[in-house]
Each structure stands twice: as C-alpha cells, then as structure tokens.
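One structure is given here, and the rest of the page talks about it.
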Amino acid sequence: MSQVTLDIPETLFRLLETQARREGVLLDRYLVEALARQASAVYTVQSMPESAIAEQRAQYAALLQSLGRASYEEIGRALAEREPAEPESGLTPKVVSRLRERLARAG
C-alpha cells in the first residue's frame with residue numbers, strides 16, 4: 001500500500017476525525033474509504049429515463065434552430081479571428097490518429 005502525507009487545515013482534520021470516530025473506524029481507514037467513494041462517483045454512469053433524453057434532444061434541436069446558419073465566409077472569418085491555443089502535451093499525433101479512428105468507427 002502507498003502512503004501520502006497531507007497538510008490540511010486543523011478544522012478539516014478535526015471534522016474528519018470526528019466523522020471517523022462516529023463511524024467507528026480509524027481516521028486513515030475513513031479517509032481511504034471517503035476517497036474511494038469520491039473517485040468511484042466520478043466514473044459512475046447513471047441511466048436516464050427516455051422522457052429526459054427526449055427533452056434534452058428537443059432542447060438541443062431548439063438551440064440549433066435559434067443559432068441559425070452561417071455562410072462559409074462567416075465561418076472563415078470566425079475561425080480567422082479565434083485565439084490560437086497550444087495543443088495539450090499528451091495530444092501526440094499517435095493519440096490524434098487513434099481518436100480519428102474511433103470517431104470514424106462510431107460514425
């Protein structure tokens with residue numbers, strides 16, 4: 001098992017210590033379980049009712065309708081005026097190629 005040393009405010013430390021005591025576990029175990037719950041919540045996929053999906057699609061269609069259409073000249077001007085951005089360090093040509101392949105398979 002790995003170890004981590006944290007500098008946290010005293011008030012937060014006392015709060016966590018109190019919660020661990022309420023659950024009847026040691027602070028380190030409480031922290032590991034809390035971090036695991038938080039990390040797994042990020043990757044949890046939740047199903048949505050069909051009615052909610054239909055509503056989102058309708059809202060998206062309404063948004064597209066309200067935006068209207070742009071000519072190729074307008075698009076060109078907008079692209080010319082955009083602020084340049086540096087690519088992310090992990091966005092290598094190999095990664096871009098793999099993403100394009102996945103998009104082609106999905107489409």
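Quick note: the coordinates plus some simple rules give every number you see, no bench work behind them. Since the model is a prediction, treat every value here as computed from it, not as a measurement. All Cβ positions, glycine included, derive from the backbone under ideal geometry; neighbour counts span all protein chains shown.
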Query raised in the report: When the helix-only estimate is applied to the chain (DSSP H runs of n ≥ 4, each -39,500 (n - 2.57), divided by the residue count), what is the mean residue ellipticity at 222 nm, nearest 500 deg cm²/dmol?
Result: -22000 deg cm²/dmol
Requested in this report: Identify the chymotrypsin sites (Phe, Trp or Tyr not before Pro) of segment 1-89 meeting these criteria: DSSP loop state and at most 15 other C-beta atoms within 10 Å of the C-beta.
Outcome: TYR43
Report task. Per residue of segment 17-29, in order, report the coupling 6.51 cos²θ - 1.76 cosθ + 1.60 (Karplus, θ = phi - 60°) as ³J(HN,Hα) in whole Hz, putting x for Gly and Pro. Result -> 4, 5, 5, 5, 4, 4, 7, x, 10, 5, 4, 4, 5
Requested in this report: Could you state, as a whole-number percent, how many of the C-alpha pairs of the chain are farther apart than 21 Å?
Outcome: 73
Requested in this report: Treat segment 47-99 as a sphere of radius equal to its Kirkwood radius over Cα pairs and apply Stokes-Einstein at 10 °C in a medium of 1.306 mPa s; give the translational diffusion coefficient in µm²/s, rounded to a whole number.
Outcome: 105
Report task. Would you mind counting up the charge near LEU15? Only other residues with Cβ under 12 Å from its Cβ, with Lys and Arg at +1 and Asp and Glu at -1. Result -> +1
**Report entry** Net lengthening on full extension, ARG102/GLU83 (0.36 nm per residue, minus Cα-Cα)
**Finding:** 4.1 nm
Requested in this report: Using the number of other C-beta atoms within 10 angstrom as an exposure proxy, rank SER97, SER47 with the fewest first.
Outcome: SER47, SER97
Report task. Could you run the Karplus curve 6.51 cos²θ - 1.76 cosθ + 1.60 with θ = phi - 60° over segment 97-107 and give me ³J(HN,Hα) per residue in whole Hz, x for Gly and Pro? Result -> 4, 5, 5, 4, 4, 5, 5, 5, 5, 6, x
Query - In segment 40-85, the trypsin sites (Lys or Arg not before Pro) that fall in loop regions by DSSP, at most 15 other Cβ within 10 Å - result: ARG69, ARG82
